[in-house]
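Right, one structure below, let's go through it.
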2 protein chains.
Amino acid sequence: MSVAASSLAGMTNAHDVVAAYWAAAEARDWTAFGALLADDVVYRGPQTREQVRGREAYLRFNVEGFRYDWHIAVQRIVGEGRHAASWIEFDGQEGTQPGLCFFELGDDGQIARITDFWPDPYELPASRAHLVERY
Amino acid sequence: MSVAASSLAGMTNAHDVVAAYWAAAEARDWTAFGALLADDVVYRGPQTREQVRGREAYLRFNVEGFRYDWHIAVQRIVGEGRHAASWIEFDGQEGTQPGLCFFELGDDGQIARITDFWPDPYELPASRAHLVERY
């Protein structure tokens, strides 16, 4: 068992792993964060078609890619088997934005794949305006 | 037990309910779709701040709000307790777009709350361009 995998001891499901992932990110505890990741983790952002491969590159992406004060508030985590999804609110330099993430865990419980979505506000289409209310 | 609730017999978890929800939508089986919804279901789209309350209004929203040929391909469903999340690809009049949905079920297993996100493509920020590859 690797050092990284051993630190996952006691985490019995994908929900717990993803809760620890967001807690480590918010704490800037990159050691704990890295320990949750598979060596060959693959991160994808489909909206930009950006991809990061491997724990070291993904750590650097997180540490160096967002050089401003940011905070995460977890709204929801759903875990089932090796899969999980999270809905966070990300408070950064452009205000607060929802972030939706889908995770896949590998055999050893480490995070092997992350697919990340950042929806922006848009105008309500006129075609359904009569069918909704605003909040 | 209501007629709607009785048709949920055999669905033991949120994953199955959400799988049935998307299957009914794709089949335009609005009777089956409606049977999965709580009377007082609340739908929210945070990006437009649109909201629809109640089964009848939400059925009308789905039937009348998207008057073009569309198809759904489910990529992932994750269910845990009364919560579920789905990632679909929606093929509509503007091409294919990911849709992320978070669901809450009520006591009787019907869908009580839906929060729906539609992320659009955006430009990769220069600040992290050196930290990623494109796919």
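The values are calculated or read from the model by the stated rules, or taken from the named source; none is laboratory data. None of these values were measured; they are calculated from a predicted model. Don't worry about glycine lacking a Cβ; one is built from the backbone with ideal geometry, like all the others, and counts go over all protein chains shown. Each accessible area value is taken on the protein alone, full model and side chains, heavy atoms only, with ligands, DNA and RNA left out. Shrake-Rupley method; radii C 1.70, N 1.55, O 1.52, S 1.80 Å.
Here are a few things to note about the model shown:
- Of everything listed in (1) open to solvent by 50 Å² or more (accessible area, probe 1.4 Å); (2) without any contact (Cβ under 8 Å) to a residue 60 or more places away in the chain; (3) among the acidic types (D, E), the single unmet condition for B:D108 is (2).
- Selection status of A:D40, acidic (D, E), without any contact (Cβ under 8 Å) to a residue 40 or more places away in the chain, open to solvent by 20 Å² or more (accessible area, probe 1.4 Å) and away from chain B (no Cβ under 14 Å): no
- Selection of first residues in region A:51-72 that are open to solvent by 40 Å² or more (accessible area, probe 1.4 Å) and of second residues that are of a type in the set (V, I, T), restricted to Cβ pairs under 8 Å at least 6 apart or on distinct chains, gives the following pairs, ordered by first then second residue: A:R53/A:V41; A:R53/A:V42; A:R55/A:V41.
- The sole residue among B:A14, B:A84, B:A32 that is surrounded by fewer than 19 Cβ atoms within 10 Å (Cβ to Cβ), modelled with pLDDT of 95 or more and hydrophobic (A, V, I, L, M, F, W, C) is B:A32.
- Taking the numbered list (1) open to solvent by 30 Å² or more (accessible area, probe 1.4 Å); (2) more than 8 Å from every other protein chain (Cβ to nearest Cβ) in turn, A:Y135 passes all entries but (2).
- Verdict on B:A73 being farther than 21 Å from A:W118 by Cα, at pLDDT 95 or above and away from chain A (no Cβ under 13 Å): no
- In this entry, A:G99 is excluded by the filter for residues that are exposed (fewer than 15 other Cβ atoms within 10 Å of the Cβ), in contact with a Phe, Trp or Tyr (Cβ under 7 Å, 6 or more places away or on another chain), free of Cβ contacts under 8 Å to residues at least 40 places away in the same chain and small (G, A, S).
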